[in-house]
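Asks: Mind looking over this structure? Questions follow.
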Ligand SMILES: Cc1cc2nc3c(=O)[nH]c(=O)nc-3n(C[C@H](O)[C@H](O)[C@H](O)COP(=O)(O)OP(=O)(O)OC[C@H]3O[C@@H](n4cnc5c(N)ncnc54)[C@H](O)[C@@H]3O)c2cc1C
């Protein structure tokens, strides 16, 4: 911004705005928010670190990356025309197809003209006098806007393992969340994969198809469930299209916006035979059914959870030939569904291949990465390639990587030091005019369903302000307390909040060992009812000036 404009802004006269709204991130959230704000006639700029749209599906090009939500329950629902035009080839589409879809959306709605790529935001500072945000990129350029919308993603800040020597390794090495755009091959190569979360599982089962030798380094095994993916025929696609209204209505009604919803029976309401048959059916069902559509007490009743975990453990023992390897693959420190359940296709059978080895790093920890490979406490390994499937600094990570300062220079990191506090997961007191999309404390689940709701709600608030010439929105402290307390109450009694995982804010690779309540664990319909009530009553919980 020119010096004269800055002077004008700080003098308290009408501020010089580069944009009405700056959105950080051009994933599913940022793209849709851009579209909706354009409809309000706002001047919007999206700042995106990558060179293209798609967020998650732009960055995660690793082998085997794909949805665990059904392609058709995950896609945008806002445009009938788009729904009619796009055909999905698989029930759970792979990353290349999803990225093609998001590029198609960007073309169709001419989004790129307002997106600035290769633009990583380094800082965002609220300027009290002018009620504006000053957003600065890593290259030093800065822009001023009235509103700041963060669309930075809940899983978009990749983390490396906390192992010395990663920079000394001379072979090929890749983080799954920063996968290169060039073709990577595994034929004849000795490959290491570190990490067995949802991404690690997808990577391992794909790399194993062509690899020379694969060594998997596992710290925590996860309970995985067969995805049961399949092609969508033309006839099926036609039938699905005819049901889109019904599909999205169902997603609106279920707890986590998936097509699946918990069975209304308790685990012990049925006979052991009936239970076994039900679990068997769920195990064979496509997608997240066994996680999201299981007995209603699976995630709250320890005994119920144990019965279901034992069922899945039996499956693992049946599928993995070496009993010692099978035992290593069975989680012992958490029950089924209490962490994000990776979906798999022949994952367990990979360990029956003679060229695949599983190393349990709780028994023999990795001491360092060497020039040629890895050294554990008992062995030296040589590899042609190391793949880090070590995940993300989830939910708050992408916020922490930006120096965000609100009124009076308060840093967001400091604000959240002793616990995250938000107003419906969209705003934070002390950070006026900042709106978060799928940030902490919002309903996540089948995420695009939550994104569309979040974006529409934020759009509604900005429309309300525009119509009244209002320039400042900050949630009232009582409203923040009320929502934060509600989120904390909802977290009580859930087995998933009693274990370490990215969903409880734990990431040992970066020293985050304290559990936090970063997610809203109530139902999506309850979340929407809360937010709808606020909008209907004229946003009384927000100080608007
Ligand atoms: C491998 C994988 C599989 C997944 N599968 C599913 C699934 O099956 N179902 C489901 O519901 N969810 C899934 N998710 C979650 C997924 O992240 C969301 O579904 C969705 O893509 C989130 O969209 P978003 O636009 O909010 O964030 P993202 O897609 O993460 O986009 C955020 C964007 O912000 C940009 N950004 C961040 N910080 C900055 C900065 N400082 N400056 C500039 N740009 C920045 C990033 O570059 C990125 O492009 C998956 C996630 C991963 C990683």
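Asks: Listed highest first by mean packing, meaning other Cβ atoms within 10 Å per residue, what order do 468-478, 390-400 come in?
Replies: Final packing ranking: 390-400, 468-478.
Asks: Could you work out [θ]222 nm for the chain from helices alone, using -39500 (n - 2.57) per DSSP H run of at least four and dividing by all its residues? Round to the nearest 500 deg cm²/dmol.
Replies: So the calculated ellipticity at 222 nm is -9500 deg cm²/dmol.
Asks: So for the stretch 121-280, averaging the separation of alpha carbon pairs under 8 Å that are six or more residues apart and normalising by length, what relative contact order in percent results?
Replies: 10 percent
Asks: Let me ask you something else. Please compute the volume of the convex hull spanned by the alpha-carbon atoms of the chain and report it per residue in Å³.
Replies: Hull volume over Cα atoms, normalised by residue count, gives 154 Å³.
Asks: Oh, and also: Label residue 40 and residue 375 with points 7 Å out from Cα along Cα→Cβ: what is the distance between them in nm?
Replies: Going from the residue 40 label point to the residue 375 one covers 5.7 nm.
Asks: Angle check, please: helix 302-319 long axis (alpha carbons) against the longest principal axis of the chain (alpha carbons), in degrees 0 to 90, nearest 10.
Replies: Approximately 60 degrees, to the nearest 10.
Asks: Also, quick follow-up: With r defined as the distance between the Cβ atoms of residue 401 and residue 468 and R0 fixed at 41 Å, what FRET efficiency is calculated, to the nearest 0.05?
Replies: Taking R0 as 41 Å, the efficiency between residue 401 and residue 468 is 0.75.
Asks: At what distance in nm do the modelled label points of residue 456 and residue 18 sit from each other, each positioned 7 Å from its Cα along Cα→Cβ?
Replies: Taking the simple label geometry, residue 456 and residue 18 are separated by 3.3 nm.
Asks: Continuing with this model, one more query. If one takes the longest principal axis of the Cα atoms in the chain, at what angle in degrees, from 0 to 90 and to the nearest 10, does the Cα axis of helix 198-207 lie?
Replies: That works out to roughly 50 degrees.
Asks: Let me ask something additional. How high is the relative contact order of the stretch 365-492, given as a whole-number percent (alpha carbon pairs under 8 Å, six or more residues apart)?
Replies: Contact order relative to length: 19 percent.
Asks: State, as an integer percentage, the relative contact order of the chain based on alpha-carbon contacts under 8 Å between residues 6 or more apart.
Replies: In percent, rounded to a whole number, it is 19.
Asks: Taking 2.2 N^0.38 Å as the expected size of a compact globular protein, what ratio does the Cα radius of gyration of the stretch 12-87 give against it, to two decimals?
Replies: 1.40
Asks: Once the piece of chain linking residue 117 and residue 537 is laid out straight, how much longer is it, given 0.36 nm per residue of separation minus the C-alpha distance between them?
Replies: 147.4 nm
Asks: Rounded to the nearest Å, what's the spacing between the alpha carbon centres of the stretch 235-313 and the stretch 376-442? Just the number, please.
Replies: Answer, in whole Å: 31.
Asks: Length gain on complete extension for the stretch residue 482 to residue 237, per 0.36 nm per residue less the alpha carbon to alpha carbon distance?
Replies: Result: 83.8 nm gained on full extension.
Asks: Along the three principal axes, how long is the stretch 83-139 when you take its alpha carbons, biggest first, rounded to the nearest angstrom?
Replies: 52, 21, 19
Asks: Using 0.36 nm per residue, how much length does the chain from residue 129 to residue 362 gain when fully extended, once their Cα-Cα distance is taken away?
Replies: Length difference between fully extended and current span is 78.5 nm.
Asks: Using R₀ = 41 Å, calculate the FRET efficiency as 1/(1 + (r/R₀)^6) where r is the Cβ-Cβ separation of residue 185 and residue 265; round to 0.05.
Replies: Result of the calculation: an efficiency of 0.25.
Asks: So in the chain, what percent of DSSP beta bridges are antiparallel if you round to the nearest 5?
Replies: In the chain, approximately 40 percent of DSSP beta bridges are antiparallel ones.
Asks: Moving on. Along its three principal axes, how long is the stretch 246-361 when you only count alpha carbons? Whole Å, largest extent first please.
Replies: For the stretch 246-361, the Cα spread along each principal axis is 47, 32, 25 Å.
Asks: Computed FRET efficiency, Cβ-Cβ of residue 321 and residue 136, R0 35 Å: what is it to the nearest 0.05?
Replies: Efficiency for this residue pair is about 0.05.
Asks: Which values of log₁₀ I(q)/I(0), to two decimal places, follow from the Debye formula for the stretch 393-475 at q = 0.26 Å⁻¹ with a uniform point scatterer at every Cα?
Replies: Log10 I(q)/I(0), no solvent term: -1.34.
Asks: Then there is this: Just to be sure I understand the model, the point goes 7 Å from the Cα along the line to the Cβ. What's the resulting residue 382 to residue 489 distance in nm?
Replies: Here the answer is 6.3 nm between the modelled labels.
Asks: List the pair-distance distribution P(r) of the stretch 325-457, using every Cα-Cα distance, as the percent of pairs falling in each 5 Å bin from 0 up to the bin containing the longest distance, rounded to whole percents.
Replies: 2, 7, 11, 14, 13, 12, 10, 10, 11, 7, 2, 0, 0
Asks: Continuing with the same structure: Mind jotting down the three principal axis lengths of the stretch 446-511 based on Cα atoms? Whole angstrom, largest first.
Replies: 47, 29, 25
Asks: May I pose another question? Please determine, in degrees from 0 to 90 and to the nearest 10, the orientation of helix 524-536 with respect to the longest principal axis defined by the Cα atoms of the chain, where the helix direction is its Cα long axis.
Replies: Its long axis makes an angle of about 0 degrees.
Read the figures in this text as sums done on the coordinates, not as results from a lab. All values reported here derive from a predicted model rather than from experimental measurement. Backbone-built Cβ (ideal geometry, glycine too); neighbour counts: all protein chains shown.
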